[in-house]
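First the structure, in the form of structure tokens, and then the observations on it.
The values are calculated or read from the model by the stated rules, or taken from the named source; none is laboratory data. Nothing here was measured: the structure is a model prediction, and the numbers come from that model. With ideal geometry, Cβ positions are generated from the backbone for all residues, glycine too; neighbour counts draw on all protein chains shown. We work out accessible area using only protein heavy atoms, side chains counted, and drop any ligands, DNA or RNA first. Shrake-Rupley method; radii C 1.70, N 1.55, O 1.52, S 1.80 Å.
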Amino acid sequence: MSILCGVPLVECVYCLACARWVWKRCLHTAGHDSETWGLANAEEFEPVPRLCRYILAVYEDDLRNPLWAPPGGYGINPDWLLLKKTYEDTLGRAPPYILYLDHDHADIVLAIRGLNLAKESDYAVLLDNRLGKRKFDGGYVHNGLLKAAGWVLDAECEVLRELVEKHPNYTLTFAGHSLGSGVAAMLTMVVVQNRDRLGNIERRRCMSLNLAVRYADVINSVVLQDDFLPRTATPLEDIFKSLFCLPCLLCLRCMRDTCIPEEKMLKDPRRLYAPGRLYHIVERKPFRMGRFPPVVKTAVPVDGRFEHIVLSCNATSDHAIIWIEREAERALHLMREEDHTMKIPIKQKMERQETLTRHSEEYKAALQRAKTLDVPHAYTPPSQYGTFDEDGGESSRRSQAETSFGSANKTKLIESWDELIERLFDKDEHGHMVLKK
């Protein structure tokens, strides 16, 4: 009898727990993910809508007679388009891409298109992976994306080397959307690890957490509001196996991820994250209809790096490159309207230097934060003081020895100086120093 009386109580507790979970998930909006981040400025965000248009241009068959150009066009001079690779050219080993020499912005751009739902080769790239299959530089990466990036680099290595040598003051940018963004991120990492193949190009500016943070100085990721893909640790191959019931899969994953402690997620080296510095475009507010003026937040987060899916009817539409380009352009326009420093070049240069300094400080802080949270294979930047490292204190002993040696030399110098004064000078009856005769 007592057991039967306890059953309704258990059911009530269970229902309350489920209601609490649903309430918390419904209250969790995209704005919460980046509410503590800093605001991006127009100068650092300027390339984003431009690169989005370059990615959209990959979908066109003839850029001289475009069919799907956004308002204002793609901003591409067809005479500067160096090459365009299709599925037939890549043999399905990588998504189609273009190589564009942007003289207006002194940039060499390789833009890669997103997933084509009608191409089996794109699915083959996505399905070529499993949890913890491929290690890279002390972390884990998506095996299929890495192989696609390697193919692109092997195919275009000589062309890129010639361009970098011919235009030494130009930057080299890899851009992509969806599947292409993963290939572009992997391509960046492979180039950083093999810079000699491109003439030792300078390092200026979908992987495990330690790699996502470590390469934040060369990889930038742009997320529009509720985009589901950067927020789920669900392997891409599982998502596209379940396209017939994607909302069901996302809901189940959302429930499972909510029950996993954040400490456990951070310490799983196989869990994949959106790479690099994140730019989050926020344009909707909870319990309000319509779109608001977009605001762009940026940071290099370690914990709180889009771990949970947002329950939103826009979770899939916010993944579209068309909406990302449109909202990024709106956000940039608003930034420029508010930025009155565009007419003051000196102050503009100062703000650019402040931005670079802030990015460098945030990057170092993220590396240190990853180490503090005990993220597997986390990279610790060398101390600027040369006294603390992981190599058993060798640098500390070396620094202390150098300091002791410097102190000894200083002591000897002082003693020699005192002896010299005693030899050259005497004190008179008033205690003043007089030169010896």
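Remarks
- Most to least accessible of Asp196, Asp339 (protein chains only, probe 1.4 Å): Asp196, Asp339
- Estimated distance in nm for a label pair at Ala124 and Leu39, the labels positioned 7 Å out from Cα along Cα-to-Cβ: 4.9
- In segment 87-206, the portion of solvent-accessible area held by carbon and sulfur atoms comes to 45 percent [1.4 Å probe, whole percent, DNA, RNA and ligands not counted].
- Given Lys84/Lys135; Lys133/Lys297; Lys85/Lys119; Lys119/Lys285; Lys85/Lys147; Lys147/Lys297, the pairs whose alpha carbons are separated by over 26 Å: Lys84/Lys135; Lys133/Lys297; Lys119/Lys285; Lys147/Lys297
- Using a probe of 1.4 angstrom and keeping all protein chains present, the accessible surface of segment 35-142 works out to 48 square angstrom per residue.
- Sequence of Ile201, Ile322 from largest to smallest accessible area, 1.4 Å probe: Ile322, Ile201
- Surface accessible to a 1.4 Å probe, Asp226 within the full protein complex, Å²: 10
- Sorting Trp323, Trp68 on solvent-accessible area from highest to lowest, probe radius 1.4 Å, gives Trp68, Trp323.
- The residues neighbouring Ser317, those whose beta-carbon lies less than 10 Å from its own, together hold a net charge of -3 under the Lys/Arg +1, Asp/Glu -1 convention.
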